[in-house]
1. Let's see if you can work this out: charge +1 on each Lys and Arg Cβ, -1 on each Asp and Glu Cβ, no other charges. What is the dipole magnitude of the chain about its Cα centre, in debye to the nearest 20?
2. What translational D, rounded to a whole number of µm²/s, comes out for the range 93-132 from Stokes-Einstein when the hydrodynamic radius is the Kirkwood one over Cα pairs, at 4 °C and 1.567 mPa s?
3. Any idea how far apart I108 and A77 come out in nm if each label point goes 7 Å out from Cα toward Cβ?
4. Most mobile of A77, A15, A116 per a Gaussian network model of the chain (Cα springs, under 10 Å)?
5. GNM, the chain, Cα, under 10 Å: largest mean-square fluctuation among V60, V118, V81?
6. Please compute the modelled spin-label separation between E32 and E7, points set 7 Å along Cα→Cβ, answer in nm with one decimal.
7. Along the charge dipole of the chain, which of I122, S110, S13 sits closest to the positive end, that is, farthest toward it, with unit charges on the beta carbon of Lys, Arg, Asp and Glu (+1, +1, -1, -1)?
8. Can you list the residues, at least 5 places off or on another chain, whose amide H is less than 5 Å from the amide H of V53, using H built in the peptide plane?
Amino acid sequence: MPEVSHEPTGPFSSAISLERLALAALEAAPPESRGRWESGDPVDIALIDRMDVRPRDGVVKVRLRDKASMEMTVDLASGRVIHTGRRGDVFLEKLHSGEIFGGQPFVILSDIAAVALVLTLITGYWLWLAPKMSHPLPSDRAPEA
């Protein structure tokens, strides 16, 4: 998702509520991303994956929980939708975290696999390096092929 250049339209203290920001984002989302939610309905938080508030930029990025991973960038002070687009990095993010395989057990399994991979790497280097440190090659002889 490209960064949206934006200057804050007001101080952070004048930001509107998260509910109204979420409502503005849902209203700007394409119909296929909103499911059965209609404009005028209360905010369905099941449709929202996350809201990334960036006070210095004066925006909140609202990512939906749909196949396209739509994201709307909304101005914090006015509630105006600045940008709507698909997130292309969500698949890789979920793959690396283990979320893509179906929930918390796979996230934990992914973490365990990462630790095991790091331990294998460290012990592999040790097995390769330890013999070289204990038996250095004499400087007057070339190594045998």
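Rule-based calculations on the coordinates, nothing more; no lab input. Bear in mind that the values here come from a model prediction, so they are computed numbers and not experimental data. For neighbour counting, all protein chains shown are included, and Cβ atoms are generated from backbone atoms with ideal geometry for every residue, glycine included.
1. Working: 16 positive and 20 negative charges, 33 e Å.
Taking the Cα centre of the chain as origin, the dipole is about 160 debye.
2. 114
3. About 4.7 nm separates the two model spin labels.
4. Checking each option, the largest mean-square fluctuation is seen for A116.
5. V118
6. That separation, rounded to one decimal, is 3.8 nm.
7. I122
8. K61
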